[in-house]
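Here the structure comes first, spelled out in structure tokens, and everything after it is commentary.
Coordinate-derived values only; no laboratory data. A quick note: this is a predicted structure, and the numbers were derived from the prediction, not measured. Glycine also receives a Cβ, built like all others from the backbone with ideal geometry; neighbour counts cover every protein chain displayed.
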Amino acid sequence: MAKYHAACATDSLGDMVDPGTRRPFLVTAFAAGRGRVQGTDLYACGSNFARSVVHAGVLADGATGIVEVAATPERQRGGFLGSPRHGVSSENYTRSAYACAIRLLECISDAQ
């Protein structure tokens, strides 16, 4: 964690980064969680972080890693299209919102 200066993740992507910024977080992927995932590849910032990393294929369900979250500097106007991926179904989201992209920096532990 110290190598990346990673913070501990919160539930929602948008709670963690300001528009136009990026930051690394420690997260354990959890496909069966209750939070919504909105979008595909670019996620609405209200999306659940632990489920979004599974949907994006960044971490397998149950795996822990350092994941970077980057929020767009401007609101997405066209909305977000949902899709089923890796055991998580994301939803469409049509309102204007900031988009978050996620990428794996380091896998710390694989799923059991």
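Phi-derived couplings, Karplus 6.51 cos²θ - 1.76 cosθ + 1.60 at θ = phi - 60°, listed residue by residue for segment 85-99: 8, 6, x, 10, 9, 9, 10, 6, 9, 9, 7, 5, 7, 6, 9 Hz, with x used for Gly and Pro. The Cα atoms of segment 29-87 give a gyration tensor whose axes a ≥ b ≥ c have a/c of 1.5 or more with a/b greater than b/c, which makes the shape prolate.
Amide H contacts under 5 Å for residue 36: 48, restricted to partners 5 or more places along the chain or on a different chain, H placed in the peptide plane at 1.01 Å from N. Separation of segment 74-89 from segment 12-47 is 12 Å, based on Cα centroids. Across segment 35-46, rounded Karplus estimates of 3J(HN,Hα) from the backbone phi angles (6.51 cos²θ - 1.76 cosθ + 1.60, θ = phi - 60°) give x, 7, 10, 10, x, 9, 6, 9, 10, 4, 5, x Hz, Gly and Pro being marked x. Amide H contacts of residue 83: 39, 90, 91, each under 5 Å away and 5 or more positions distant or on a separate chain (H built 1.01 Å from N in the peptide plane; Pro and chain starts excluded). Close amide-amide hydrogen proximity is noted between residue 99 and 72, 76, each under 5 Å apart and 5 or more residues distant or on a separate chain (H modeled in the peptide plane; Pro and chain starts excluded). Positive-end ranking of 73, 31, 100 along the dipole of the chain, with charges on Cβ about the Cα centre, is headed by 73.
In this Cβ point-charge picture (+1 for Lys and Arg, -1 for Asp and Glu), segment 25-82 has a dipole of about 240 debye about its Cα centre. For the pair residue 26 and residue 4, the difference between a 0.36 nm per residue extended length and the Cα-Cα distance amounts to 7.0 nm. Classified by the C-alpha gyration tensor, the chain has an oblate form. Its axis ratio a/c, with a ≥ b ≥ c, is 1.5 or above, and a/b does not exceed b/c.
Report relative contact order for segment 7-106 in percent, whole number only (criteria: Cα-Cα under 8 Å, sequence separation at least 6).
Result for segment 7-106 is 34 percent.
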